[in-house]
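The structure appears right after this line, and notes come after that.
No lab work stands behind these numbers, since they all come straight from the coordinates. Note that the coordinates shown come from a computational prediction; the quantities given were computed from them, not determined experimentally. Every residue, glycine among them, receives a Cβ derived from its backbone with ideal geometry; neighbour counts consider all protein chains shown.
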Amino acid sequence: MIKFICDDNLGKLAKWLRTLGNDTLFFDPIEDGELVSKTLKEDRVLLSRDTQLSRFNLKLGEKLLLIESEKPLEQLKQVVRHFELKTAKEQIFSRCLICNQLLENIEKEKIKDRLYSYVYQTQDNFKRCPQCDRLFWSATHVEKMIKMLSECGII
Ligand SMILES: [Zn+2]
């Protein structure tokens, strides 16, 4: 699977890529030199709107994709088309949107104290981020995001 790194202007794109389960780094701020060295060291693809980065083109070659649109969903479409990314259903929301870690399933009895009783009563599948300890479960905002992705033809 392709791993990505977004420049510091592409925070929303980074979140969308994580939503689809893609390993995506994002640091804000980050210097161009560091961005390039992380890209090469970790064998990632650098996504950037900064045409100045073309000066690193010799080093980066295929590892740089210049993003055209200012709109996050259009940016996501460009990346999905360019790399022909296929997203399996189980990949969606498999990764923490904040820290890029893969989420773990957690039994709801173990986190009962942390849930609103409405959520406890209506939801069965919970995931937890091993790094930041945030809990995730399917909710209306998740359904909305999935609807947006499918309307754009991304999933
Ligand atoms: Zn996290």
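Cross-link list LYS3/LYS110; LYS3/LYS144; LYS12/LYS89; LYS15/LYS63; LYS38/LYS108: which exceed 31 angstrom alpha carbon to alpha carbon?
LYS3/LYS110; LYS38/LYS108
If one takes the longest principal axis of the Cα atoms in the chain, at what angle in degrees, from 0 to 90 and to the nearest 10, does the Cα axis of helix 140-151 lie?
40
Applying 1/(1 + (r/R0)^6) with R0 = 30 Å to the Cβ-Cβ distance of ASP43 and GLN121, what FRET efficiency is obtained, to the nearest 0.05?
The computed FRET efficiency comes out at 0.10.
If the cut-off is a Cα-Cα distance under 24 Å, which lysines reach LYS112, setting aside same-chain residues fewer than 8 apart in sequence?
Leaving aside lysines fewer than 8 places away in the same chain, those within reach of LYS112 are LYS127.
With the Cα gyration tensor of the range 1-122 in hand, convert its eigenvalues to equivalent ellipsoid semi-axes via √(5λ) and list them largest first in whole Å.
Ellipsoid semi-axes (Å, largest first): 32, 15, 13.
If you average the alpha carbon positions of the range 1-59 and of the range 90-155, how far apart do those two centres end up, in angstrom?
25
Using only the alpha-carbon atoms, what does the range 96-137 span along each of its principal axes? Please give whole angstrom values in decreasing order.
29, 15, 15
For helix 72-82, report the angle its Cα long axis makes with the longest principal axis of the Cα atoms of the chain; keep it between 0 and 90° and round to the nearest 10°.
70
Just from its helices, what would the mean residue ellipticity at 222 nm be for the chain, if runs of 4 or more DSSP H residues each count -39500 (n - 2.57) and the sum is divided by every residue, rounded to the nearest 500 deg cm²/dmol?
-9500 deg cm²/dmol
By the scheme Lys and Arg +1, Asp and Glu -1, what is the net charge of all other residues having a beta-carbon under 9 Å from that of LEU46?
Neighbour charge sum, excluding LEU46 itself: +2.
What is the order of ILE67, ILE155, ILE2, fewest Cβ neighbours within 10 Å to most?
Result, fewest neighbours first: ILE2, ILE155, ILE67.
What ranking of TRP137, TRP16 emerges when the number of other C-beta atoms within 10 Å of each C-beta is taken as an exposure proxy, fewest first?
Neighbour counts put them in this order, fewest first: TRP137, TRP16.
What percentages make up the Cα-Cα pair-distance distribution of the range 1-63 when the bins are 10 Å wide from 0?
23, 58, 18, 0
What GluC sites (Glu not before Pro) in the range 96-148 are in a loop by DSSP, with at most 15 other Cβ atoms within 10 Å of the Cβ?
Loop-located and lightly packed - GLU107.
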